[in-house]
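Student: Structure provided below as structure tokens; questions to follow.
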Amino acid sequence: MNNHKRLLNKFELGTQTWSDYNEILKLDTKDLQPFFELAYNLKNRNFGNLLKIYIPNKRFPAISITGSECSLHCEHCNKKYLDGMKPILDNNELKRYLMELHNKDGVGVLLSGGCLPDGSVPLLNYLDSIKEIKEKTSLIINTHTGILNEETARKLAEVGVDIVSFDINMDEEIIKDIYHLDKDLEDYKRAIGYMQKYGINIVPHICIGLYYGKLHKELESIKFIKESGLNPSLIVLIALIPPKNAKENFTRPKPVDIAKIVSIIRFAFPNSEISLGCMRPRGNVKIEIEKYAIKAGINRIEIPSKNTLKWAKELYPNINYNFFSACCAIPNEFEKLALSKDSDLKNYQK
């Protein structure tokens, strides 16, 4: 038995170790197909042949409570992702906007913003408004918190925030060289611990290729999720979009490398959903990334190409699609609220 067959046999038996996951990262594309098939079949066995499609549109907008401001100037972002969010800098304006969203049949909102120098998003002063909104509406509240302290974690739980989308990063070099943060891995672990203490629904996010477009320590982040007791029902994967005019050279993550991480998470978390999130390279490579991710066992995808969905139906004739007007991090219990309407889908031309 050659090494590849011996490795595959361990995954078929479920006896793989962390060193075996590392071996998947080293495999050439030509040797990966049986691993992807195994991952896809594992997904089908545990979740069926449903692929969930998320199209946030105007019923699930993203808000920045800092406008276009952020103190960190991260290498991969440098505030550009804030430009696509609606700026709301005042509590009363936030309440008005969310009530109007509710009255117009909105589903929910991503509450986000730029970071302070300590890596936190300054949510605390807005959370009383969120409590009032949660009491009056059924809006789903998803938050980006950054590296939060215990007071913020306690308050998030107190006001009834539905989700915290939290970037899991166990790579010291990314913290220093990409985020420019004076923090370490213990700060991330501490933030997770605070949220666990108060029973917050954490949806871990992992950005693939964040270290200049290369696979670096994504496996360490996956291992941390496994060993931290999070036991997530959902893990969201995003992928670096190479920034323009960065100080250092960034390459685009390879679609097959993204699929390697998808398959590893499928094997490590057979009972967790996996989503391919909205932040990922566009252009000609977009469809290739989506196809590889489907082959490797995702359950969810945000704003896929119509060509990808057509391809998947041809390759997997039994596949079914459900469409949701929300971000791809919402828990299953909110899916009925988020089901897309015909009017949501008529302009879906991606």
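No value in this document is a laboratory result; all are computed from the given coordinates. All values derive from a computational prediction rather than experimental measurement. Heads up, the Cβs are rebuilt from the backbone with ideal geometry, glycines too, and the neighbour counts pull from every protein chain shown.
Student: So if each residue of separation counts as 0.36 nm, and I subtract the Cα-Cα distance between GLU132 and LEU27, what length gain in nm does that give? Mind showing how you got there, number by number?
Tutor: Values: separation 105, 0.36 × 105 = 37.80 nm, distance 5.18 nm.
Computed gain between GLU132 and LEU27 is 32.6 nm.
Student: Mind listing which GluC sites (Glu not before Pro) in segment 196-266 are in a DSSP loop and have 15 or fewer other Cβ atoms within 10 Å? Mind dumping the intermediate values first?
Tutor: Working: sites: GLU218, GLU220, GLU227, GLU248; in loops: GLU248.
Counting only loop positions with at most 15 other Cβ atoms within 10 Å, the GluC sites (Glu not before Pro) in segment 196-266 are GLU248.
Student: Take GLU151, project a point 7 Å from its Cα along the Cβ direction, then tell me which residues of segment 172-203 have their backbone nitrogen under 20 Å from it.
Tutor: The answer is 187-188, 190-200, whose backbone nitrogens lie closer than 20 Å to the label point.
Student: Exactly which trypsin sites (Lys or Arg not before Pro) in segment 31-132 are in a DSSP loop and have at most 13 other Cβ atoms within 10 Å?
Tutor: Sparse-neighbourhood loop trypsin sites (Lys or Arg not before Pro): LYS104.
Student: Quick one: which of LYS197/LYS223; LYS176/LYS260; LYS136/LYS286 span more than 32 angstrom between C-alpha atoms?
Tutor: On the way: LYS197/LYS223 20 Å; LYS176/LYS260 26 Å; LYS136/LYS286 40 Å.
Pairs exceeding 32 Å: LYS136/LYS286.
Student: Here is a further query. Among SER138, SER275, which comes first, then next, by fewest other beta-carbon atoms within 10 Å? Walk me through the numbers before you get to the answer.
Tutor: Numbers: SER138 12, SER275 25.
Neighbour counts put them in this order, fewest first: SER138, SER275.
Student: As a footprinting exposure proxy, order HIS216, HIS144 by other Cβ within 10 Å, with the fewest listed first. Provide the component values of the computation, followed by the final result.
Tutor: Details: HIS216 16, HIS144 21.
Ordered from fewest to most neighbouring Cβ atoms within 10 Å, HIS216, HIS144 come out as HIS216, HIS144.
Student: In debye to the nearest 20, how big a dipole does the chain give about its Cα centre with +1 on each Lys and Arg Cβ and -1 on each Asp and Glu Cβ?
Tutor: The dipole of the chain has a size of about 1300 debye.
Student: Now, a different point. For segment 125-156 and segment 289-318, what is the centre-to-centre distance using only Cα atoms, to the nearest Å?
Tutor: When both Cα centres are located, 34 Å separates them.
Student: For the chain, what does -39500 (n - 2.57) per DSSP helix run (n ≥ 4), summed and divided by total residues, give at 222 nm, in deg cm²/dmol to the nearest 500? List each step's numbers first, then the result.
Tutor: On the way: 13 runs with 134 residues, N = 350.
Taken over the chain, the calculation gives -11500 deg cm²/dmol.
Student: Gain in length, LYS310 to ASP90, computed as 0.36 nm per residue apart minus the alpha-carbon separation, to one decimal in nm?
Tutor: Length gained, LYS310 through ASP90: 74.8 nm.
Student: Oh, and also: Could you put VAL109, VAL164 in order, starting from the residue whose Cβ has the fewest other Cβ atoms within 10 Å?
Tutor: Taking fewest neighbouring Cβ atoms as first place, the list is VAL164, VAL109.
Student: Then there's this: Using the Cα centre of the chain as origin and beta-carbon charges of +1 (Lys, Arg) and -1 (Asp, Glu), tell me which of GLN196, ASN44, CYS70 is placed farthest towards the positive end of the dipole.
Tutor: ASN44
Student: Where does segment 225-343 land on Rg(C-alpha)/(2.2 N^0.38 Å)?
Tutor: Details: Rg = 15.3 Å, N = 119, 2.2 N^0.38 = 13.5 Å.
Normalised by 2.2 N^0.38 Å, the Cα Rg of segment 225-343 equals 1.13.
Student: Quick one: which of LYS10/LYS183; LYS189/LYS254; LYS217/LYS254 span more than 27 angstrom between C-alpha atoms? Let's see the in-between values first.
Tutor: Working: LYS10/LYS183 38 Å; LYS189/LYS254 29 Å; LYS217/LYS254 15 Å.
Cα-Cα > 27 Å for LYS10/LYS183; LYS189/LYS254; rest within.
Student: Please state the Cα pair-distance histogram of segment 101-230 with 5 angstrom bins from zero: what percent is in each bin?
Tutor: Once binned at 5 Å, the Cα pair distances of segment 101-230 give 2, 10, 20, 22, 19, 13, 8, 5, 2, 0.
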